[in-house]
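A quick write-up on the structure given underneath.
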Amino acid sequence: MNRKEFVKLGLALPLLNLYSKHVRGMEQMLPTVKDDFVWGVSTAAYQIEGGYNADGKGLSIWDEFVKIKGKIKNGDTGNVACNFYDLYENDIELLKLLKIPAFRLSLSWPRIFPNGIGTSNKKGVDFYHKVIDKCLKNDITPWITLYHWDLPNDLELKGGWTNRDIVSWFGDYVDFCTTEYGDKVKNWMVLNEPLSFTGAGYFLGLHAPGKKGIKNFLAAAHHAALCNATGGVIAKKNVTDGNIGTTLSCSWIEARSKTSKDVKAAKRYDAIINRFFTEPLIGLGYPIDTIPSLKKIHDYYKPGDETKLQFDFDFLGIQNYTREIVKHSIKMPIVWGKTIPPEKRSVDFTANDWEVYPEGIYKLLQKFDAYKKFKKFYITENGASFKDVISDGKINDTKRTEYLKSYIKSVLKAKEDGINVKGYFVWSFLDNFEWAEGYDQRFGLVYVDYLTQKRTIKDSGLWFSKYIAGF
Ligand code: GAL
């Protein structure tokens, strides 16, 4: 679908009814924030762009992974996704109409460097200039993630994250991007959730590139941690007045019972999920005290690595969706624990089985603040997947709105209580390709009909727009 057709589909129409009676009633007693708090929405290149082989783009590990039978629900791929590659102008205009001040997006490394290293692809480089310029023209501040999981496949053929050379490959890529776009873009995030892409991609084999095993995991994790800090150093050097951060996936963890076995399992879970990529940054190293088997990660150390793992980021991006209740189990190596699904616990949960637990985001902010090492925090992802039903061209997604309200309330309480949390980004702007879940899970404030590429603003999107416009 081209731009004209997109407009013809009546994108603007629902916006004229932006504050329908129905939505007006949805304003809740949430506190207002009058300072420089940033409100935004988040996305990632592979999940929205499509254009997987357009204009000289190289293939990523996800372009390859989706070809493997059985890996992605319904055999879905990100080949077209939301076709943001062609529709970015309309989508950014939609952000403008929704009065969303900040847009988090990621750069596709293989769109910029088809082979990961070497010669850059002018058309790919220009694409992001056009996206950034369009944002700036519409008074939308771009927040850029340098790596949101789409490694150039040519680098994977050389071992990908398990090959230490990635530290220099990634360094060159970061150097290029922050030099190229650094005059226009001030807010940068180095990695998206290193635990997710090393854990799911190199230990469990559930995400690209589908590798498994402790050796792959520890090598990939150590190199990702080195890249995190190295990328921070380079971005800070290149971007004048830059606000340089990185993002971490975090979940609030509790033990199922007070038995020492369950308590210890919960501690190990917490060490992997919340401490593994956090503590090396501030000179504490990996949480080997809690999980002795992680000591093997030292096999991948070179002299000086303790220092190379550290970087004083301007901010930490906290990404939180849920809480996990953990019990002891001999089935899962390293953590020797298992999470208990919310269905078995009589609690509210989302379409992808994540417990709705807004208190957790407050507790996590407290936890990270207690290190006394991080200057400020942004919630760079939070949101929910629910089954959306279109009726009369509207999506009355009350559960998503309630979810967002409750989490925002918790974040603002943390702020009121003195924690330096400076912004909140909803995951996600658009429904999109949800990794191994394909298109089955919808997290968007805006509904995407993948056959026609028509966008329909959900009631949650209308609510968020109205809520933040009040500041
Ligand atoms: C995050 C990830 C996003 C998105 C989200 C919802 O872990 O960074 O890309 O998929 O989860 O599942």
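The values are calculated or read from the model by the stated rules, or taken from the named source; none is laboratory data. Quick caveat, the model's predicted, so the values are computed rather than measured. FYI the Cβ positions are ideal-geometry reconstructions off the backbone, even for glycines, and counts take in every protein chain you see. Quick note on the areas: whole protein, heavy atoms, side chains included, nothing else; ligands and nucleic acids left out. Shrake-Rupley method; radii C 1.70, N 1.55, O 1.52, S 1.80 Å.
Things worth noting here:
- Candidate set from segment 441-471 (those that are open to solvent by 50 Å² or more (accessible area, probe 1.4 Å) and modelled with pLDDT of 95 or more); member that is farthest from residue 206 (Cα to Cα): 466
- Members of segment 123-133 found to be touching a residue at least 40 places away in the same chain (Cβ under 8 Å) and open to solvent by 30 Å² or more (accessible area, probe 1.4 Å), listed by number: 123, 129, 130, 133
- For segment 250-277, the set of residues classified as within 16 Å of the ligand (Cβ to nearest atom) and out of contact with any strand residue (DSSP E or B) (no Cβ under 6 Å at 6 or more places or on another chain) consists of 272, 276, listed by residue number.
- Which listed residue is within 16 Å of the ligand (Cβ to nearest atom), open to solvent by 10 Å² or more (accessible area, probe 1.4 Å) and among the hydrophobic types (A, V, I, L, M, F, W, C), from 157, 204: 204
- Residue in segment 228-249 that is in contact (Cβ under 8 Å) with a residue 12 or more places away in the chain, within 16 Å of the ligand (Cβ to nearest atom), within 23 Å of residue 292 (Cα to Cα) and not in a helix (DSSP H, G or I) present: yes
- Residues that are of a type outside the set (Val, Ile, Thr), free of Cβ contacts under 8 Å to residues at least 24 places away in the same chain and assigned to a helix (DSSP H, G or I) within segment 250-268 comprise 260, 267, listed in sequence order.
- Just one of the listed residues (360, 317) is closer than 20 Å to residue 277 by Cα, in a strand (DSSP E or B) and within 16 Å of the ligand (Cβ to nearest atom), and it is 317.
- Qualifying residue in segment 185-201 (condition: within 16 Å of the ligand (Cβ to nearest atom), touching a helix residue (DSSP H, G or I) at 6+ places or on another chain (Cβ under 7 Å) and among the hydroxyl-bearing types (Ser, Thr, Tyr)): yes
- Filter result (away from the ligand (no atom under 16 Å from the Cβ) and farther than 13 Å from residue 42 by Cα) within segment 416-446: 416, 417, 418, 419, 420, 421, 422
- Single residue of 410, 385 found to be among the hydroxyl-bearing types (Ser, Thr, Tyr) and within 15 Å of the ligand (Cβ to nearest atom): 385
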